[in-house]
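Asker: A single structure is presented below for examination.
The values are calculated or read from the model by the stated rules, or taken from the named source; none is laboratory data. Everything numeric in this text was worked out from a predicted model, so none of it was measured. Virtual Cβ from ideal backbone geometry, glycine too; neighbours counted across all protein chains shown.
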Amino acid sequence: MFTVLAFAEQHNKFAINVQSASYKQLPFSRYRVYCLEILRENFANLSDASQKQTRKILSFPDADIIFSADSMAESNYDIERQAPCNQSINVFENGVPE
């Protein structure tokens, strides 16, 4: 979630605490923004019953980002949904590798 927020706010780095360990100056990953887009699309395509079951299974607070239809950021990667048979992506930068 934090990498998506960093990307949305156009920050190059973010900080996070995981299991009592502090991580600072982590680069955001555009690929993770793309992965969240795919998760959201797949969740939106589930039946109402399956969405309800998924929400029950993923009942922790940070999972709410998957269920939200609000766009926090767009990766602008694989717009045609051709992965893995399309261009590569610079994971930690804009653009595509040369």
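Asker: Filtering region 1-34 down to residues that are within 23 Å of ARG81 (Cα to Cα) and in a loop (DSSP other than H, G, I, E, B), which residue is modelled with the lowest pLDDT?
Answerer: The first filter runs over region 1-34 and keeps only residues within 23 Å of ARG81 (Cα to Cα), leaving 1, 3-5, 7-8, 28-34.
Filter again for in a loop (DSSP other than H, G, I, E, B), leaving 1, 28-29.
Numbers: MET1: 49, PHE28: 71, SER29: 72.
Ranking the candidates gives MET1 first.
Asker: Could you tell me whether region 47-61 includes any residue that is part of a loop (DSSP other than H, G, I, E, B), surrounded by 10 or more Cβ atoms within 10 Å (Cβ to Cβ) and at pLDDT 70 or above? Can you show your working first?
Answerer: Taking region 47-61 first, the residues part of a loop (DSSP other than H, G, I, E, B) are 47, 58-60.
When the remaining residues are screened for being surrounded by 10 or more Cβ atoms within 10 Å (Cβ to Cβ), the result is 58.
Okay, now just the ones that are also at pLDDT 70 or above, so 58.
Yes, there is a match, as at least one residue in region 47-61 is part of a loop (DSSP other than H, G, I, E, B), surrounded by 10 or more Cβ atoms within 10 Å (Cβ to Cβ) and at pLDDT 70 or above.
Asker: Name the single residue, out of those in region 16-30 being within 16 Å of the chain's Cα centre (by Cα) and of a type in the set (A, V, I, L, M), that is nearest to ASP62 (Cα to Cα). Steps first, please.
Answerer: To start, the set of residues in region 16-30 that are within 16 Å of the chain's Cα centre (by Cα) comprises 16, 26-30.
Checking which are of a type in the set (A, V, I, L, M) leaves us with 16, 26.
On the way: ILE16: 13, LEU26: 19 Å.
Once the filter is applied, the top-ranked residue is ILE16.
Asker: For the structure I just gave you, tell me whether GLU37 is assigned to a helix (DSSP H, G or I), at pLDDT 70 or above, exposed (fewer than 12 other Cβ atoms within 10 Å of the Cβ) and acidic (Asp, Glu).
Answerer: Values: assigned to a helix (DSSP H, G or I): yes; at pLDDT 70 or above: yes; exposed (fewer than 12 other Cβ atoms within 10 Å of the Cβ): no; acidic (Asp, Glu): yes.
Answer is no for this residue.
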